[in-house]
Amino acid sequence: MTSQVARLRLGVPLSLSGKYARFGEQARLGLEIWQAAEDGVELVVEDDHSDPDVLERVLRGLAARCDLLLGPYSTHLMRRAGRVAAALDLLVWNHGGAGDDVQTAHPGHVVSIPAPASAYAEPFVRRLAEDGERDRLWVVPGKGGFGRQVAAGAERAANERGIPVTVAGPGDALPAGGSWNLLCCGAFEEDVEVLRRVSNPRVVCAVAAGVRAFGEAVGDPRGIYGVGQWFPSEGETGGSGTVVEGGTVVEG
């Protein structure tokens, strides 16, 4: 008599094309590696084209035929996924939307794994304080709500440690001289653009530096701190991914 082992069907909408494709492909690869090591798991990945309307259609379809649902990459898309989960009385595991508003919305329908955006800068600012860095920290957020949330957390962390801080607005000029530090917290392309037009900050951290493609985009990433959600660590994470002091990672 042959025993039948029930297979768990895991459904996930990912951006395999469009604006978030580089991140969706990385998530797909990670899930496929995990699936290869697990018996009894069927992975169903569908392209949401980085589009909220397509995401909703794909998520509704996956919900009808899957046992477990993961959300999409990006805070922008996860906002829509949360609303769909609440409307259909589903549970969605959020692995790719770090926005604070996403993580607090729709309790009972969304379980968030990543650190919230407002905690991203905490380990970097803590490291500046521990190293005795008291130069002004310039924070350059992107255009969206995610960047503003990271910037607000950075400003709060700097104020708590007595580090002077300036949050730049869109298009604001950055220092051309003097001694200062820099945190970029926008979309990947926004962070890269900022780093290409500055040349003299003492210490730099960029959210984009946690992405593998960052080194190719900026040329020489050595010495730049980055935020990473998925690095192994010991002890307190300080709110984001971890290599140094359970918090920031050095690219290079």
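The values are calculated or read from the model by the stated rules, or taken from the named source; none is laboratory data. Keep in mind the model is a prediction, meaning the values are calculated, not measured. Backbone-built Cβ (ideal geometry, glycine too); neighbour counts: all protein chains shown. Please note that ligands, DNA and RNA were not included when accessible areas were found on the heavy atoms of the full protein model with its side chains. Shrake-Rupley method; radii C 1.70, N 1.55, O 1.52, S 1.80 Å.
A few points about this structure:
- Each label point was placed 7 Å from the Cα along the Cα-to-Cβ direction; for Leu8 and Arg83 their separation is 3.0 nm.
- In this simple spin-label model, placing a label point 7 Å from the Cα along the Cα-to-Cβ direction at both Glu42 and Arg57 gives a separation of 2.3 nm.
- The chain - charge dipole about Cα centre, Lys and Arg +1 at Cβ, Asp and Glu -1, debye rounded to 20: 380 debye
- Rounded, prolate or oblate (a/c below 1.5 giving rounded, otherwise prolate when a/b exceeds b/c) for segment 64-171 by Cα gyration tensor: prolate
- Only protein atoms count toward the accessible area here, which uses a 1.4 Å probe; on the chain, the carbon and sulfur part of that area reaches 50 percent.
- Selection among Ile224, Val165, Pro114 by position relative to the dipole of the chain gives Val165 as farthest towards the positive end (Cβ unit charges, Cα centre).
- Ellipticity estimate at 222 nm from DSSP helix runs (n ≥ 4, -39,500 (n - 2.57)) divided over the chain, nearest 500: -10500 deg cm²/dmol
- Average accessible surface for segment 8-114: 46 Å² per residue, computed with a 1.4 Å probe over protein heavy atoms with every protein chain in place.
- Ligands, DNA and RNA aside, Ser199 has an accessible area near 110 Å² when probed at 1.4 Å.
- Solvent exposure, largest accessible area first (probe 1.4 Å, DNA, RNA and ligands not counted), of Glu160, Glu189, Glu56, Glu133: Glu160, Glu189, Glu56, Glu133
- Note on segment 8-114: with charges restricted to the Cβ of Lys and Arg (+1) and Asp and Glu (-1), its dipole about the Cα centre is near 240 debye.
- Counting DSSP beta bridges with both ends in the chain, the antiparallel % (nearest 5): 10 percent
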